[in-house]
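Presented below is the structure to which this report refers.
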Amino acid sequence: MQGYDGEGTVPRSGLAGAFRSYAERVYGAPSLARFLGDGMIFALCGRFPTVFGTLLRACAYRPVLGAMGRRCLIENGVRFLHSRRTFLGDRVFIGERSFLDVGPVSAAIRIGDDSHLGRGAVLRTQAGEIAIGKNVNISTYTLIYSYGGIEVGDDSMIAQHVEIVGGTHNYEDVSKPMRLQGRSPSRIVIEPDCWIGSHAVIMGSTRIGRGSIIGAGAVVHKDIPPYSIAVGIPARVVRKRGTASNQ
């Protein structure tokens, strides 16, 4: 299942080939046993309502995740692809209808202790890890897409509808469609104790320094020094935290 690059999402092979491709993409291996076993757990437990379902998933999902710490809470309708490459620390909360999608075997999603993933959030990696630190709050409908690795440091806050997107499409060859020219990976690092405002966009090859604040709606396309307040499109530093004067 190539997605928008290459041959498309649905393979052109026969039914058996399509099944193997689907099973490998969703469950990490073209295995009928894993397809049936993992699928049964997700089907029976994934949409069980109320707090009882949340507690049920905290036990039932242990065999199908890479790791799951103590007292984790997973709400109704959370979707996992390649779930055995998802690793949860202690007391992680994953909100209703969130989507955690791990691509190749080399990729992974790791969420640290006491972190919170709001409802409808999407974490997707096709190259490199998404590493969420401890005590991180990611609010509703935020998108984190890794193509080269994304790191969010401890104690950071990410508001609703933020987009953190690594990698870029290649586009210089005008003789072929851009979707067939491949992509270039790029890494994003958000250091500890940062606050990313609502609807901000964080682009690849950027580092946001420790203790920085990114204003609502800002577009970050270059590094932000530690303890900065940055706003606008493109984002620019307007002052340092702890000072009253503009820079």
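Selection of region 51-68 for residues being surrounded by fewer than 16 Cβ atoms within 10 Å (Cβ to Cβ), over 16 Å from G95 (Cα atoms) and not small (G, A, S) yields C59, R62, P63. Being touching a strand residue (DSSP E or B) at 6+ places or on another chain (Cβ under 8 Å), buried (at least 16 other Cβ atoms within 10 Å of the Cβ), under 16 Å from V152 (Cα atoms) and in contact (Cβ under 8 Å) with a residue 40 or more places away in the chain holds for only one residue in I202, I213, and it is I202. Scanning region 129-172 for residues that are at pLDDT 95 or above, outside any loop (DSSP other than H, G, I, E, B) and among the β-branched types (V, I, T) yields I130, I132, I138, I144, I150, V152, I158, I164, V165.
Looking only at residues of region 173-187 that are in contact (Cβ under 8 Å) with a residue 12 or more places away in the chain and in a helix (DSSP H, G or I), we find that the one that is nearest to I208 (Cα to Cα) is R179. Out of T243, T168, one residue alone is among the hydroxyl-bearing types (S, T, Y) and surrounded by 14 or more Cβ atoms within 10 Å (Cβ to Cβ). It is T168. Here region 207-247 is the region considered, the condition is being closer than 22 Å to H161 by Cα, charged (D, E, K, R) and outside any loop (DSSP other than H, G, I, E, B), and the residue that is nearest to the chain's Cα centre (by Cα) is R207.
Of all residues in region 113-126, those that are more than 20 Å from G148 (Cβ to Cβ) and touching a residue at least 40 places away in the same chain (Cβ under 8 Å) have Cβ atoms under 8 Å from Cβ atoms of residues that are aliphatic (A, V, I, L, M) and in a strand (DSSP E or B), 6 or more apart or on another chain, in G118/I138. Residues in region 84-118 that are assigned to a loop (DSSP other than H, G, I, E, B), of a type in the set (S, T, N, Q) and either touching a Leu at 6+ places or on another chain (Cβ under 7 Å) or more than 24 Å from V51 (Cβ to Cβ) (or both): S98, S106. Screening the candidates F80, F48 for the property of being surrounded by fewer than 20 Cβ atoms within 10 Å (Cβ to Cβ) and not polar (S, T, N, Q) yields one hit, F48. Determine, yes or no, whether G89 is closer than 23 Å to S146 by Cβ, among the small types (G, A, S), without any contact (Cβ under 8 Å) to a residue 60 or more places away in the chain and surrounded by 16 or more Cβ atoms within 10 Å (Cβ to Cβ). It is true that G89 is closer than 23 Å to S146 by Cβ, among the small types (G, A, S), without any contact (Cβ under 8 Å) to a residue 60 or more places away in the chain and surrounded by 16 or more Cβ atoms within 10 Å (Cβ to Cβ).
The values are calculated or read from the model by the stated rules, or taken from the named source; none is laboratory data. None of these values were measured; they are calculated from a predicted model. Cβ coordinates were reconstructed from backbone atoms using ideal geometry, including for glycine residues, and neighbour counts include every protein chain displayed.
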